[in-house]
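Note sheet for the following structure.
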Amino acid sequence: MADHSPAVVIPTQIHLKHGLFRAICHWPFADSFVGRLLRYDIPQRIKLGNGRMWAYLDAAHEVIGFGSIDVCSDYSDLTGGKPHPYIPLLAVNPESEGRGYGKAIVRHLIGEAALLAVQPGNPCHDVLFLDVYTTSVRAIGLYEKCGFLKLRDQPLFDDIEQQTYFIMSQRILP
């Protein structure tokens, strides 16, 4: 009988000079955009904004993934001008895929976004956003299982990567 218990991940918040961040940057990701976002986008969000990043460890304390969150205005046209939580990037180590870690990472990030939205004096909107390339079929399925909805049926076009993507969102507070 298959074990259907949820994967356990241990979130560890990391900074840009942390050895885990440097190690993650060298993982063999199949999609080139992951490395680009790790080298350029995530550091800017952490240095200049409200970006945060976690490494996720398994029960044996091996790094099996990472995730990031930011409070930004990327989709403020959809939130009445308010800043909102946004997941710029998350990934499971290619050697650890298919074991349920992605779902555990997404759930942790949803929880972190909810904490950001209820902080006193925080003007953060209660909708969490992410975008995902249409070629990332497994990721789209994962996000849908975790409660995210596509905002449009027709994808948008990313000029940098020359591919299409969906914007997905989820309300994080009741």
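The values are calculated or read from the model by the stated rules, or taken from the named source; none is laboratory data. No experiment lies behind these values; they were computed from the predicted model shown. Cβ sites come from the backbone with ideal geometry, for glycine too, and all protein chains shown count toward neighbours. Remember, those area values only see protein heavy atoms, side chains included, never the ligands or the DNA or RNA. Shrake-Rupley method; radii C 1.70, N 1.55, O 1.52, S 1.80 Å.
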Handout entry: Residue ID - least open to solvent (accessible area, probe 1.4 Å), chosen from residues in the range 13-63 that are of a type in the set (Gly, Ala, Ser) and part of a helix (DSSP H, G or I)
Key = GLY35
Practice task
May I ask you to list the residues in the range 96-123 that are within 11 Å of LEU142 (Cβ to Cβ), in contact with a Cys (Cβ under 7 Å, 6 or more places away or on another chain) and open to solvent by less than 40 Å² (accessible area, probe 1.4 Å)?
Solution key: VAL106
Practice task
Mind telling me which of the residues GLU112, GLU97 ends up being within 22 Å of LEU37 (Cα to Cα), among the acidic types (Asp, Glu) and in contact with a Lys or Arg (Cβ under 8 Å, 6 or more places away or on another chain)?
Solution key: GLU112
Practice task
Confirm whether SER68 is surrounded by fewer than 18 Cβ atoms within 10 Å (Cβ to Cβ) and at pLDDT 90 or above.
Solution key: no
Exercise for the section: Show the residue pairs that are 6+ apart or on different chains and have beta-carbon atoms under 6 Å apart, the first residue being within the range 61-82 and touching a residue at least 24 places away in the same chain (Cβ under 8 Å), the second being crowded, with 16+ Cβ neighbours inside 10 Å and among the hydroxyl-bearing types (Ser, Thr, Tyr). Expected result: ILE64/TYR56; ILE64/SER96; ILE64/TYR101; GLY65/TYR56; GLY65/TYR101; ASP70/TYR86; CYS72/TYR86; ASP74/TYR86
Handout entry: Selection count where residues are assigned to a helix (DSSP H, G or I) and in contact (Cβ under 8 Å) with a residue 12 or more places away in the chain, scope the range 86-122
Key = 17
Problem - Test: ARG22 is in contact with a Cys (Cβ under 7 Å, 6 or more places away or on another chain) and either within 15 Å of GLY65 (Cα to Cα) or basic (Lys, Arg) (or both) - result: no
Problem - Residue check, TYR86 under 23 Å from GLN163 (Cα atoms), open to solvent by 10 Å² or more (accessible area, probe 1.4 Å), of a type in the set (Phe, Trp, Tyr) and modelled with pLDDT of 95 or more - result: yes
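Per-residue answers, yes or no, for (1) of a type in the set (Ser, Thr, Tyr); (2) within 22 Å of ALA104 (Cβ to Cβ); (3) loosely packed, with under 12 Cβ neighbours inside 10 Å:
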position	(1), (2), (3)
LEU151	no, no, no
GLN154	no, no, yes
TYR165	yes, no, no
SER169	yes, yes, no
ILE172	no, yes, no
Fill in the blank from the handout: Taking the range 104-124 and keeping residues in contact with a helix residue (DSSP H, G or I) (Cβ under 7 Å, 6 or more places away or on another chain) and over 19 Å from ASP31 (Cβ atoms) leaves ASN122, CYS124
Problem - Failed condition for SER76, given (1) modelled with pLDDT of 95 or more; (2) of a type outside the set (Phe, Trp, Tyr); (3) surrounded by fewer than 20 Cβ atoms within 10 Å (Cβ to Cβ) - result: (1)
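Please go through the range 1-12 and give me each residue that is small (Gly, Ala, Ser) and open to solvent by 40 Å² or more (accessible area, probe 1.4 Å), ordered by number. Walk me through it before giving the result.
Initially, the range 1-12 is screened for residues small (Gly, Ala, Ser), giving 2, 5, 7.
Residues satisfying the conditions are ALA2, SER5.
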